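Next up is a structure, given as structure tokens.
We did not get these values from a lab; they are worked out from the coordinates using the rules stated. Everything quoted here is computed from the prediction, not taken from an experiment. Here Cβ is always computed from backbone atoms with ideal geometry, including for glycine, and neighbour counts include all displayed protein chains.
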Amino acid sequence: MSDQKLNWGIIGTGWIAHEMGEALKNVNGEIYAVCATSLAGAESFAAEFGVRKAYGSADELLADTNVDIVYIATPHNLHYQLMRQALEANKHVFCEKAITVNSRQLEECAEIARKKELVICDGVTIFHMPLYKKLRKIVAEGRIGEIKMVQVNFGSCKEYDVHNRFFSKELAGGALLDIGVYAASFARYFMQSRPNVILTTANYFETGVDETSGILMKNPEGEMAVMALTMRAKQPKRGVIAGEKGFIEIYDYPRAAKAVITYTEDGHTETIEEGLSARALEYEVLDMQSYVREKGGQENLGMVRDVMKILTSIRNQWGMVYPFE
């Protein structure tokens, strides 16, 4: 299967689908199919990106036997339903983050994928950026010593709008699933195992979604992580991995291409550069196609499942349930 051309079908035509459209064209030269809530919307997207097939519904796209990989770019509340449909139609699935709204949904889809020997993957860029793969090797080599603490912030000042999907409980809005998934993924990526202790508190927007939260986590190895999230105030997107011999600092970490290591003994620094931020979604495409061709990607899925368990545990502590769950 290594030389087989893979046809992507896109479900959804919002801004992130446009970014992925550019990435798919850059990597593969073309996009096979797209669907939207209306045929006119799909045809408009198809005209913009030179897509071969335009459909007015997900059912039509999933019935096309030439589609190999489905990319889901809809609001969070639709991810689970569409991913199950795609898997049942024997399609590999690349889904935008958060891949589902809770761990139960993801585990169901993971089991279907396992039985059908299909790949599912999510759009958290951290798992695909070349920089992170290099940093993980640096950590594994012991260059900053035993990891003691991970600290990660994400603040996005969304415009006040009770009708925006970011603040809609019906659309699985809130900071945790939209931006917290990046922070949790960053933390889990550099921890030896999934945290088994989680302490958290949150403030809520008037619609009932989480607006601001603080999260403290610890795993069985004693590694700790601290996350700070907000959707109504700007924070630097900053992540720090602190070890006994030094710390790694990364700004704009979701699509980072540069990190700085500070070594504790003498304070000298080392700059690590790998990849390009502008190619973030291209790296996602390349990894996904590699997983499909090599029937791999299970390590990545294990990490994604851990992150969803973390997010689900946090929301359970808050007692925050979406209306459709």
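Using amide H atoms built 1.01 Å from N in the peptide plane, name the residues 5+ places from GLY243, or on other chains, whose amide H lies under 5 Å from its own.
It is LYS148, ILE248, by chain and number.
In the chain, if the dipole is taken from +1 on Lys/Arg beta carbons and -1 on Asp/Glu beta carbons about the Cα centre, which of CYS157, GLY29, ALA242 is farthest to the positive end?
So the residue we want is ALA242.
Rounded to the nearest 0.05, what FRET efficiency is calculated for GLN192 and ARG114 with R0 set to 22 Å and r the Cβ-Cβ distance?
Plugging the Cβ-Cβ distance into 1/(1 + (r/R0)^6) gives 0.35.
Right, something else. Which entry in [x] 61, 44, 39; [y] 80, 43, 36; [z] 60, 48, 37 is this structure's computed Cα extents along the principal axes in Å?
It is the one labelled [z].
Then there's this: With a Förster radius of 22 Å, plug the Cβ-Cβ distance of THR262 and GLU294 into 1/(1 + (r/R0)^6) and report the FRET value to the nearest 0.05.
0.05
Output wanted: per-residue J couplings in Hz (rounded whole) for region 13-29, from phi through Karplus 6.51 cos²θ - 1.76 cosθ + 1.60, θ = phi - 60°, x for Gly and Pro.
Working through the residues one at a time gives 10, x, 5, 6, 5, 5, 5, 5, x, 4, 5, 5, 5, 5, 7, 9, x Hz.
While we're here: Which aspartates and glutamates does LYS25 reach when only Cα atoms under 14 Å apart count, and residues fewer than 8 places away in its own chain are ignored?
Reachable aspartates and glutamates: GLU48, GLU282, GLU284.
Report ³J(HN,Hα) in whole Hz for each residue of region 86-95, in order, from the Karplus equation J = 6.51 cos²θ - 1.76 cosθ + 1.60 where θ = phi - 60°; Gly and Pro get x.
3J(HN,Hα) across region 86-95, in whole Hz: 5, 5, 5, 8, 6, 10, 5, 10, 10, 10.
Would you please give the residues with an amide H less than 5 Å from that of LEU6, counting only those at least 5 places away or on a separate chain, with H modeled from the backbone geometry?
For LEU6, whose amide H was placed from the backbone, there are no distant partners under 5 Å.
Between LEU276 and HIS163, what length in nm is gained on full extension when 0.36 nm per residue of separation is reduced by their alpha carbon distance?
37.2 nm
Pop out the ³J(HN,Hα) list for region 204-221 in order, Karplus 6.51 cos²θ - 1.76 cosθ + 1.60 with θ = phi - 60°, rounded to Hz; leave Gly and Pro as x.
These are the phi-based 3J(HN,Hα) values: 10, 6, 4, 7, x, 7, 6, 9, 9, 8, x, 9, 10, 10, 9, 9, x, 7 Hz.
Continuing with the same structure: For region 57-173, how many pairs of lysine residues have a Cα-Cα distance under 24 Å, where the two are 8 or more positions apart or belong to different chains?
12
So for each of 183-195, 222-234, 136-148, 56-68 I average, over its residues, the number of other beta carbons within 10 Å; can you give me the resulting order with the highest mean first?
Peptide ranking by packing, descending: 183-195, 222-234, 56-68, 136-148.
Can you give me the C-alpha center-to-center distance between region 121-143 and region 258-290, rounded to a whole angstrom?
Cα centroid of region 121-143 versus Cα centroid of region 258-290: 8 Å apart.
Return the whole-Å distance between the Cα centroid of region 44-86 and the Cα centroid of region 192-212.
If you average the Cα positions of each part, the centres end up 32 Å apart.
With charges set only on the Cβ (+1 for Lys and Arg, -1 for Asp and Glu), what does the dipole of the chain come to about its Cα centre, in debye to the nearest 20? List each step's numbers first, then the result.
Working: 36 positive and 43 negative charges, 82 e Å.
Taking the Cα centre of the chain as origin, the dipole is about 400 debye.
Normalise the Cα radius of gyration of region 8-123 by 2.2 N^0.38 Å (N = residues in it) and let me know the number.
Compactness ratio reported: 0.98.
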